[in-house]
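One structure is given below, encoded as structure tokens.
The values are calculated or read from the model by the stated rules, or taken from the named source; none is laboratory data. What you see is a predicted model, and the numbers here were worked out from it, not measured in a lab. Quick reminder, even Gly has a Cβ in these numbers, built from the backbone with ideal geometry, and neighbours come from all protein chains shown. Please note that ligands, DNA and RNA were not included when accessible areas were found on the heavy atoms of the full protein model with its side chains. Shrake-Rupley method; radii C 1.70, N 1.55, O 1.52, S 1.80 Å.
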Amino acid sequence: MEFHLTHILAFLSFALVVSHAALPPELYWNSVLPNTPMPKSVRDLLHPDLVEDKSNSVAVGKGGVNVDAGKGKPGGTAVDVGKGGVSVDAGKGKPGGTNVNVGKGGVNVDAGKGKPGKRTDVGVGKGGVSVTKGHHGKPVIVRVRPGPGPFNYIYAATETQLHDDPNVALFFLEKDMHPGKIMNLQFTENTNTATFLPRQVADSIPFSSDKLPEIYSEFSVKPGSMEAAEMENTIKECESPGIKGEEKYCATSLESMIDFSTSKLGKNVQAISTEVDNQTKMQKYTIKTGVKKMAGDKSVVCHKQNYAYSVFYCHATQTTRAYTVPLEGDDGTKAKAVAVCHTDTSAWNPKHLAFQVLNVKPGTVPVCHFLPQDHVVWFSN
């Protein structure tokens with residue numbers, strides 16, 4: 001599957017200047033959760049231009065807003081907001097660069113990178129957002145197989161999941177979570193590294209199955225392609241009903257994920273993710289001393305989905321136990337894995353991947369799984 005992530009960068013450039021009143025995602029996190037460290041998995045999905053940088057200066061006056069992020073070098077990024085709209089020049093000291101103009105006619109983004117004829121144009125007007133990509137550079141390639149994810153419990157396992165999905169190894173029984181236990185594991189990152197959009201931008205883009213043609217058009221995705229199939233699958237999973245006892249929600253921005261999680265758990269929360277020293281192939285890992293249970297049995301678990309920008313499938317439940325589990329691989333790789341154990345699986349699909357892998361039946365024993373590195377679990381302190 002192939003997503004043209006340069007298109008998303010254009011949306012982000014636009015988002016930087018449309019509303020100086022709206023907080024960037026990182027600042028929103030800090031304002032709502034000042035005592036909650038941001039996990040690396042979340043920070044990695046923030047667009048660099050939306051991360052707070054003390055070297056940037058912002059001046060607001062009658063003429064509008066001026067932002068200079070030149071970082072002491074000629075070029076840099078300049079944003080001017082006036083009657084004529086917004087102009088952003090991120091030339092980085094070289095001719096070409098990125099130019100964003102916002103006026104009555106909408107938004108124009110030129111990401112020429114200093115070379116003539118190579119540019120990305122974004123027009124935002126009444127009709128929505130249109131993206132045209134003028135250059136023929138190598139796109140970012142993301143390869144996935146469309147189909148339900150292993151952490152959506154209403155679906156039966158597919159043959160592909162049973163035989164080819166590395167997430168199969170992540171499921172285990174709670175009784176096996178003790179020091180000295182050896183497991184065959186492979187911790188994989190989602191190859192779709194699409195970053196978060198600011199909420200005001202994400203909320204302006206359709207996200208429903210009845211708007212798929214419009215969504216494909218906005219992201220220059222060809223109907224019938226692997227990209228289109230994966231985007232459709234993500235939206236339909238988000239629209240499908242949750243299982244009994246769970247509240248589900250698809251967060252299309254970091255701000256909306258924060259709001260959903262804190263609405264269920266309060267603001268005195270922690271957010272954690274699995275951390276691994278380096279990527280490895282499937283190998284034996286040994287559970288080391290120091291398994292730690294997180295407080296309470298209520299949590300919100302958010303799973304990264306494959307989409308053109310960061311979307312998380314979140315579900316809140318009161319029948320889970322979360323743990324941090326220290327692991328060491330045969331090759332010396334160390335991991336601090338997050339494990340979630342579901343104490344009531346009676347409403348899960350009887351043919352779900354976990355039951356087939358572990359050879360147990362719904363509702364009989366707690367079923368656990370390690371979280372991949374780009375998933376997040378929230379819990380109360």
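Of all residues in segment 338-375, exactly one satisfies the criterion of being assigned to a loop (DSSP other than H, G, I, E, B), in contact with a strand residue (DSSP E or B) (Cβ under 7 Å, 6 or more places away or on another chain) and without any contact (Cβ under 8 Å) to a residue 60 or more places away in the chain, namely THR343. Do we have any residue at all in segment 224-234 that's among the charged types (D, E, K, R), open to solvent by 30 Å² or more (accessible area, probe 1.4 Å) and at pLDDT below 95? No, that holds for no residue.
Listed by position, the strands (runs of 3 or more DSSP E) enclosed by segment 256-332 that each have at least 1 residues that are open to solvent by 30 Å² or more (accessible area, probe 1.4 Å) and free of Cβ contacts under 8 Å to residues at least 60 places away in the same chain are 320-329. State all residues of segment 196-223 that are assigned to a loop (DSSP other than H, G, I, E, B) and buried (at least 20 other Cβ atoms within 10 Å of the Cβ); if no residue qualifies, say none. Those that are assigned to a loop (DSSP other than H, G, I, E, B) and buried (at least 20 other Cβ atoms within 10 Å of the Cβ): PHE196, LEU197, PRO198, PHE219, VAL221.
Criterion first (at pLDDT 95 or above, open to solvent by 60 Å² or more (accessible area, probe 1.4 Å) and either of a type outside the set (A, V, I, L, M) or on the phi > 0 side of the Ramachandran plot (or both)) does PRO241 satisfy it?
On the way: at pLDDT 95 or above: no; open to solvent by 60 Å² or more (accessible area, probe 1.4 Å): yes; either of a type outside the set (A, V, I, L, M) or on the phi > 0 side of the Ramachandran plot (or both): yes.
Spelling it out, it is not the case that PRO241 is at pLDDT 95 or above, open to solvent by 60 Å² or more (accessible area, probe 1.4 Å) and either of a type outside the set (A, V, I, L, M) or on the phi > 0 side of the Ramachandran plot (or both).
Exactly one of these conditions fails for LYS361: (1) modelled with pLDDT of 90 or more; (2) crowded, with 21+ Cβ neighbours inside 10 Å. Give me its number. All conditions pass for LYS361, except number (2).
Checked against (1) open to solvent by less than 20 Å² (accessible area, probe 1.4 Å); (2) modelled with pLDDT of 90 or more, PHE151 passes all but condition (2).
Filtering segment 233-255 to residues that are touching a residue at least 40 places away in the same chain (Cβ under 8 Å) and of a type in the set (D, E, K, R) leaves GLU237, LYS244, GLU246, GLU247, LYS248, GLU255.
Just checking, does segment 174-183 include any residue being over 22 Å from VAL42 (Cβ atoms), in a helix (DSSP H, G or I) and not basic (Lys, Arg)? Within segment 174-183, one or more residues are over 22 Å from VAL42 (Cβ atoms), in a helix (DSSP H, G or I) and not basic (Lys, Arg).
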